[in-house]
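Have a look at the structure below, then the notes.
We did not get these values from a lab; they are worked out from the coordinates using the rules stated. No experiment lies behind these values; they were computed from the predicted model shown. A quick note on method: Cβ atoms are made from the backbone with ideal geometry, for glycine too, and the neighbour counts reach across all protein chains shown.
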Amino acid sequence: MSSTTPSDPSKRDFIVLTGQAMMGISGALFAWPLVHSMNPSADVLALSTTEVNLEPITQGQAITVTWRGKPIFIRHRTAAEVESARADDGADLRDKQTDAARVKSFEDKEQSQWLVVQGVCTHLGCVPLGQKPTDMKGEFKGWFCPCHGSHYDTSGRIRKGPAPKNLAVPPYQFVSATRIKIG
Amino acid sequence: MAHGERTPFQNPVIEWVDQRLPIFTLLNKEYIVFPTPKNFNFLWNFGAIAMVMLVIMIATGILLAMQYQPNTMMAFDSVERIMRDVNYGWLLRYIHANGASMFFIAVYIHTFRGLYYGSYKQPRELLWMLGVVIMLLMMATAFMGYVLPWGQMSFWGATVITNLFSAIPLVGEHIVTWLWGGFSVDNPTLNRFFALHYLLPFVIFAVVFLHVVALHVVGSNNPLGVEPKSKADTVPFHPYYTTKDIFGLTIFLIFFAAFVFFAPNYLGHPDNYIPANPLVTPAHIVPEWYFLPFYAILRAVTFDISIPFTHIVLIEAKFGGVLLMFGAVFALLVLPFLDRSPVKSAEFRPMYKIFFWVLMLDCILLGFAGAKPPEGAWVYIGQAATAWYFIHFFVIVPNLHKIEKTLPLPDSIDAAVRAAQAHKAS
């Protein structure tokens with residue numbers, strides 16, 4: 001390689017292409033920290049479990065707690081409400097799910113009286129009504145979203161209106177018979 | 001800006017600077033002697049008016065940012081402090097809040113003027129497309145600005161609009177979490193919206209600069225849609241159009257001031273004076289008036305689109321609405337390539353003229369549909385008006401030239417102006 005013209009010009013192409021490829025890859029690799037910096041930070045993630053004592057909630061009553069900045073509906077359902085939810089398992093549901101699949105058990109005993117769902121309408125994220133005794137509960141006696149008129153049943157399943165999915169069940173477990181940990 | 005073409009200035013200081021950096025030569029060329037069609041009507045004021053609005057928004061915005069706190073615990077109270085305690089804070093905030101509406105009024109008139117007179121046609125396609133980019137950036141900026149006071153409408157507007165991205169198949173939920181920086185609209189969201197709300201106006205400013213450069217390369221369109229052919233067709237920008245723009249601007253600023261001083265909250269929503277509450281949704285969430293037509297299009301898709309006779313959903317209703325809403329802006333972006341008629345001005349296109357006014361009414365109707373709760377007849381009116389919007393751009397506009405008999409164009413701007421003067425005199 002004594003002269004300034006390379007004996008094999010394709011070598012130069014190889015160097016240019018390799019250089020471009022390396023710049024492309026390193027650019028993409030460096031973009032990730034920038035993009036990821038906008039994802040939930042450690043302190044936000046640290047707040048993502050909540051424990052709730054169920055003892056003071058009497059049958060027929062519902063409470064709203066916050067988990068990850070979102071409302072969580074906890075309803076102590078009456079036998080009649082569970083009954084009607086189970087009866088509708090075979091109905092024409094938009095987002096097919098049985099009521100049994102939406103509740104948890106504790107020590108092999110199904111806790112079907114406790115329904116825990118995210119209080120976020122699956123349409124555009126409004127908070128549905130139905131937690132207070134005076135609220136409108138919709139045609140299916142569960143919840144009603146006032147924004148665009150979605151009706152949910154006593155299992156939090158979508159029955160009527162524009163929402164595509166059932167009210168989501170957050171990840172939670174019973175830590176004792178009267179205590180749950182959400183998240 | 002080529003060397004040697006410079007005519008020397010009398011003033012020695014100006015001359016000294018201009019020899020080294022020819023800004024005065026540039027100003028003279030682009031804003032003093034710049035040849036401009038001599039037949040502009042008052043609709044040609046709105047570009048300059050929009051430019052002034054941008055400057056007003058940036059100026060008041062910077063001053064407000066010096067007082068505002070982008071933290072969920074303090075944002076609402078800091079806005080109230082601006083209103084009560086900061087010297088002339090109320091004035092700054094009302095100018096800024098109403099200024100957003102005024103900016104959109106000016107830009108919408110400017111856009112419809114372009115639609116009527118065919119300003120998007122060859123050779124101004126890129127000029128027009130840059131304008132659509134500015135409009136999109138303005139929408140993003142206005143949306144994020146409305147979130148900053150952290151009232152109920154701020155919070156729930158942000159929730160509803162960011163939730164739209166959850167409609168994107170597969171990655172939707174991850175994108176929403178990423179946009180929020182958490183699991184709901186919260187402090188990280190407010191922080192980044194403030195950062196972007198401060199940044200985007202400067203991006204707008206840069207695109208406006210390109211818009212103006214492109215304008216000065218191809219020259220302005222005019223009410224006849226006939227390109228200037230000789231010196232007789234044009235007048236120098238100064239003093240003719242500086243004067244006309246200042247006159248139009250003055251009238252517009254009086255209209256603006258009337259809102260700021262006599263009805264500062266008329267265009268706002270009372271719910272935004274209630275601090276944001278993540279556990280209570282307002283009964284009826286509505287965006288600002290300038291988003292209503294787009295909001296109506298967003299809500300027009302109330303049904304899933306499936307493969308016929310199966311339950312396989314191709315496009316969920318929510319995603320369909322999002323696609324249509326962005327499609328409405330996309331239609332404007334590609335309009336230069338949809339309209340094949342060589343005649344620009346609707347004055348010489350009898351059929352297009354009718355369709356233009358129908359489109360105008362259609363957009364107003366969409367605005368009304370967007371303001372109403374989505375119940376009863378308004379759902380169908382919104383859907384029909386949405387359908388018409390797309391039929392206009394994708395069916396009528398591309399095919400109209402095949403059947404339309406255009407009127408004869410004048411020989412030149414000068415000839416048309418003289419004929420009109422003679423007609424008036426007789």
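Annotations for the structure displayed:
- When the convex hull of its Cα atoms is viewed from all sides, chain B shows a mean projected area of 27.2 nm².
- Amide H contacts under 5 Å for A:T66, placed H, 5+ residues apart: A:I72
- The alpha-carbon positions of region B:343-404 define a convex hull whose volume is 76 Å³ per residue.
- B:V147, B:V212, B:V217 arranged by Cβ crowding within 10 Å, fewest neighbours leading: B:V217, B:V212, B:V147
- Peptide B:280-287, shielding by other chains (average Cβ, 10 Å cutoff): 4
- Distance from the Cα centroid of region B:134-152 to that of region B:307-383 is 23 Å (rounded to whole angstrom).
- Inter-chain Cβ neighbour average for residues A:142-148, partner chain, 10 Å: 3
- Under 5 Å from the amide H of A:G161 lie the amide H atoms of A:H151, each residue being 5 or more positions distant or on a separate chain, with H modelled from the backbone and absent for Pro and chain starts.
- Long hydrophobic helices in chain B, taken as whole DSSP H segments with a C-alpha length of 24 Å or more on their own axis and mean Kyte-Doolittle hydropathy at least -1.0: B:46-65, B:89-117, B:125-147, B:187-218, B:237-262, B:317-338, B:350-371.
- Partner chain coverage, peptide A:38-47 - average Cβ within 10 angstrom: 4
- For the protein assembly as shown, a Kirkwood radius taken over Cα pairs fed into Stokes-Einstein (25 °C, viscosity 0.890 mPa s) yields D = 86 µm²/s.
- Counting other Cβ atoms within 10 Å as a rough exposure proxy, the listed residues B:S101, A:S155 run B:S101, A:S155 from fewest neighbours to most.
- Rg(Cα)/(2.2 N^0.38 Å) for region B:1-87, N = residue count: 1.83
- Highest average first, the peptides B:152-158, B:139-145 ordered by how many other beta carbon atoms sit within 10 Å of their residues are B:152-158, B:139-145.
- Per-peptide packing, taken as the mean over residues of other Cβ atoms within 10 Å, places B:163-174, A:87-98 in the sequence B:163-174, A:87-98 from highest down.
- Rel. contact order, % - alpha carbon contacts under 8 angstrom, at least six apart, chain B: 21
- Other residues lying with their Cβ under 10 Å from the Cβ of A:Q113 contribute a combined charge of 0, Lys and Arg counting +1, Asp and Glu -1.
- Net charge of the neighbourhood of B:Y117, taken over other residues with C-beta under 13 Å away and scored Lys/Arg +1, Asp/Glu -1, is +3.
- Database remark: amide H of B:T36 closer than 5 angstrom to the amide H of B:V235, B:F237 (H placed geometrically; neighbours at sequence offset of 5 or more, or on other chains; Pro and chain starts carry no H).
- Local electrostatic count at B:F183 - Lys and Arg +1, Asp and Glu -1, tallied over other residues with Cβ under 10 Å: +1
- For region B:132-192: rounded, prolate or oblate by the Cα gyration tensor [a/c cutoff 1.5]: oblate
- By the count of neighbouring beta-carbon atoms within 10 Å, fewest first, A:S105, B:S184, B:S426 end up ordered B:S426, A:S105, B:S184.
- Theoretical ellipticity at 222 nm over chain B - DSSP helices of four or more residues, -39500 (n - 2.57) apiece, nearest 500: -20500 deg cm²/dmol
- Nearest-ten-degree value, helix A:10-36 long axis tilted from longest Cα axis of chain A: 30
- For the peptides A:107-119, B:49-61, residues were scored by their other Cβ atoms within 10 Å and the scores averaged per peptide; the highest-first order is B:49-61, A:107-119.
- Reachable aspartates and glutamates, given that their alpha-carbon falls under 12 Å from the alpha-carbon of B:K121 and they are not under 8 places away in the same chain: B:E227, B:D339
- Within straight-line reach of A:K141, meaning a Cα separation under 17 Å, sit the following lysines at least 8 residues removed in sequence or on another chain: A:K132, A:K160.
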